[in-house]
Every structure is written in C-alpha cells, then in structure tokens.
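So the structure is just underneath, and the comments pick up after that.
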Amino acid sequence: MKFQPKSWRWAAAVVCGVCLFSFAASITRAAELKLEAVLIWGTNDTNSPDPNHKLVGPKLAKTLGDLPIKWKSYFVVEKKDFSVNQGATEKVRLSKECEIKVKNADGASVELQLIGKGKPVGKMTKDVNKGCLVTGGNAENFTSWFVVLRKKE
Amino acid sequence: MNTELQLKLQSYVDGELSASESRQIADLLARDAEAAALVQQLQNTKSAFANGELEVKLPESREFYWSKISREIERENRQPVAAAEPSLSLWQSLQRLLIPAGAFAALTLIGLVGLFALRTTNQDSFSVHYESDNAVADADAFTYNDEENGTTFIWFSYPSENEFTESDDSLIL
C-alpha cells in the first residue's frame, strides 16, 4: 500500500481532536464534585424517640461499624446532597446547631469545616475519591453524633 | 496439452533445451500433431518478430549518445529539491506546521495529565491534614484511618455534648 502523506495528516488531526476532547471532558468532569453529607446519631438503643429517624443503609452501617467507636444503632438525622465547583465553598446546614462548610480544593480533595452552634470546631481535608470522611463527637446521654461526607455515587 | 509442455515447446523453439530434452521433444513432435502445430505457430511468430523489427540507427555516435543521457541525469540531480515541489498556499503551510504541533501538544498534555494522575494516585489516600482553629479541639481530637475502606475518622471530644445537638426535650439532635 502506498503511503499517503495527506491521510497521515488527517489521522494526526483526528487523534489531536480526540485527545483534546478527552482532556477537556476530564477537566470538566473533575471540576464539579457531587457530595453527600449525612448527620447521624449513634446510640445503643434500638429505637429512636424521633419517628422521623431512620436507620442508616447497609453500606454506611458497615462503614460506621468498622470504626473504633461503636454503637448498636445509627440513625440518619439529616441527609443533604449538594455539588461544589472547583475552588468554590458550599455551606450546608444539617441541623439547628450543626453546619458544615465544604470547599472543593482541586476537584478531588475537599476541605471540611465543622461549625457547631456557630463556632468553628475543626477543619480537615480529604480526597473523597479514596473514601469517605467521618467526623464524630459525644452527644447527650452517652450517645454520639457523626457527620459523614462522601462522594455521591 | 498442459502448461508445462507448452513452456517446454516454447523453450525448444528458443533453443534453450539441452540436447537430450531436444531429442525428446523432437520425438514428441513426430507423433503429436497438436504439439507440432503449436511449435509451428511459435516458430512463425518468432520469425515474424525477427523480420519485422526495425533497425534503429542513432544520428550520432554511441559514445556521444550515452554522454548526452549522462549529462541530463547530472543536470537534474543538481537542481534543488524544493523547486520540484508545488507552491503551497498560506493555509496549507499553516496546516503543515499546526498539525504536527497540535499532535505534539496533545501528546504533551496527555503526558502531563498522566503524570498528574500518577502523582495523585501515589499520594497517601488516607492522609488527612487535620488542622483546627480551635485550641480545645486540637488537644482532644484523634484520627483513625481505615485503610481497607478508605475511610478517615476524626473524633472530637470537643464539643463535649451539645455543640451539634439540641437540648430541647423533644429533639435528640
């Protein structure tokens, strides 16, 4: 078969186009993070006094069950789905006293700031592509609160 | 009559066979009319070509004729290669430059993205850069990494009870 310079140029142009398109698509995809924040109450009681509380799903139950601090039951108090563009910060209220600020640092890592009763409690960063971030603390009557931040599937 | 025999008869007519093969063919022609007819036809064709070919006479001497050819070849070799190429429009010239440059740029971008991805992958996926703007929390927080699930857990002893929880009797959190 005879080598055709023109066909080579067309092939190179197509390859360039595909590469640039893929690159642009990957950048666009990486720019926005779809996240889920869940406020959870951990207790040794099997039932919650609040009828609106529901037990966490099996995946979240396993995640929480694998933690060093264990409870018999984990109830979902609030669950919020939200998106954060790269470089932007979203404020999400999970309860009257609990609020979080989530910054999309680089399309993969997020910076989570916990705010309790309007006061900052702590700030941490995590690559949510690698797993979820769980924060927790003591609550009334020997129970615990948890805030789970994970990538929305 | 097969092709091999036909070729052999052709060789016979052209005098390319050995003496023994020529004798065999001669015997064959004596008893095979079809082969004899083919040989006759080939001989006629050969003689027609030989007699009909025109003799070409060069108008100059043999040495001068070949020296002209040699000079022409040398003259063509001396001409620059670029002159033989057709002139290109500005767009065609740009295409010639931009297409390889674009391919190079695309490959460079792919390489950079690959390097970036590799660097990201190599980072400790469970590392948490915990920093607190609360001195009390700093002292009373611990971090646990579940490497199997990729979960990072940070436990705050502060707020001790109700920073996140509501103290109303009807609400727990």
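From the cross-link list A:K126/A:K152; A:K54/A:K101; A:K103/A:K151; A:K34/A:K123; A:K62/A:K151, which pairs have alpha carbons spaced over 22 Å apart?
A:K54/A:K101
In segment B:3-52, with Lys and Arg counted as +1 and Asp and Glu as -1 at Cβ, which of these residues, B:L9, B:S20, B:N44, has the Cα nearest the positive end of the dipole, that is, farthest along it?
Checked the options; the winner is B:N44.
Treating cross-link reach as a plain straight distance, find the lysines whose alpha-carbon is under 25 Å from the alpha-carbon of B:K68, omitting any fewer than eight places away in the same chain.
Cα-Cα hits under 25 Å: B:K57.
I want to verify the translational diffusion coefficient of segment B:3-52 in µm²/s; compute it with Stokes-Einstein, Rh as the Kirkwood radius over Cα pairs, at 4 °C and 1.567 mPa s.
117 µm²/s
What total accessible surface area, summed over both chains, is buried at the interface between chains A and B, computed with a 1.4 Å probe and given in Å² to the nearest 100?
4300 Å²
Fully extended, how many nm does the chain gain between A:K34 and A:N47 (0.36 nm per residue separation, minus their Cα-Cα distance)?
1.5 nm
Taking 0.36 nm per residue of sequence separation and subtracting the Cα-Cα distance, how much length would be gained by fully extending the chain between A:S83 and A:W10, in nm to one decimal?
22.3 nm
Over segment A:32-151, with every protein chain in place, what whole percent of the accessible area is carbon and sulfur at 1.4 Å, could you tell me?
For segment A:32-151, the apolar C and S fraction of the accessible surface comes to 47 percent.
Report the net charge of residues surrounding B:G102, where surrounding means a beta-carbon distance below 12 angstrom and charges are Lys +1, Arg +1, Asp -1, Glu -1.
Cβ neighbours under 12 Å give a net charge of +2.
What dipole magnitude, in Debye to the nearest 20, does segment A:19-153 give about its Cα centre under +1 on Lys/Arg Cβ and -1 on Asp/Glu Cβ?
Its charge dipole is roughly 80 debye.
For chain A, what does the helix formula give at 222 nm: sum of -39500 (n - 2.57) over DSSP H segments with n ≥ 4, over the residue count, nearest 500 deg cm²/dmol?
Rounded to the nearest 500, it is -7500 deg cm²/dmol.
Which of the lysines could a cross-linker bridge to B:K46, judged by Cα under 18 Å and excluding same-chain residues fewer than eight apart?
Cross-link targets: B:K8.
Which three extents, in angstrom, do the Cα atoms of segment B:1-117 have along their principal axes, listed largest first?
87, 55, 25
Out of A:V15, A:V128, A:Q113, whose Cα points farthest toward the positive end of the dipole of chain A (charges: +1 Lys, Arg; -1 Asp, Glu; placed on Cβ)?
My answer, from the dipole projection, is A:V15.
Shielding of B:109-117 by partners, i.e. mean partner chain Cβ atoms within 10 Å per residue?
2
What is the distance in Å between the Cα centroid of segment B:1-33 and that of segment B:84-118?
So the separation of the two Cα centres works out to 66 Å.
To check my understanding: the extent here is largest minus smallest coordinate of the Cα atoms along each principal axis. What are those three numbers for chain A, in Å, largest first?
83, 32, 27
The values are calculated or read from the model by the stated rules, or taken from the named source; none is laboratory data. Note that the coordinates shown come from a computational prediction; the quantities given were computed from them, not determined experimentally. Glycine also receives a Cβ, built like all others from the backbone with ideal geometry; neighbour counts cover every protein chain displayed. In case anyone asks, the SASA skips ligands and DNA or RNA and just uses the protein heavy atoms, side chains included. Shrake-Rupley method; radii C 1.70, N 1.55, O 1.52, S 1.80 Å.
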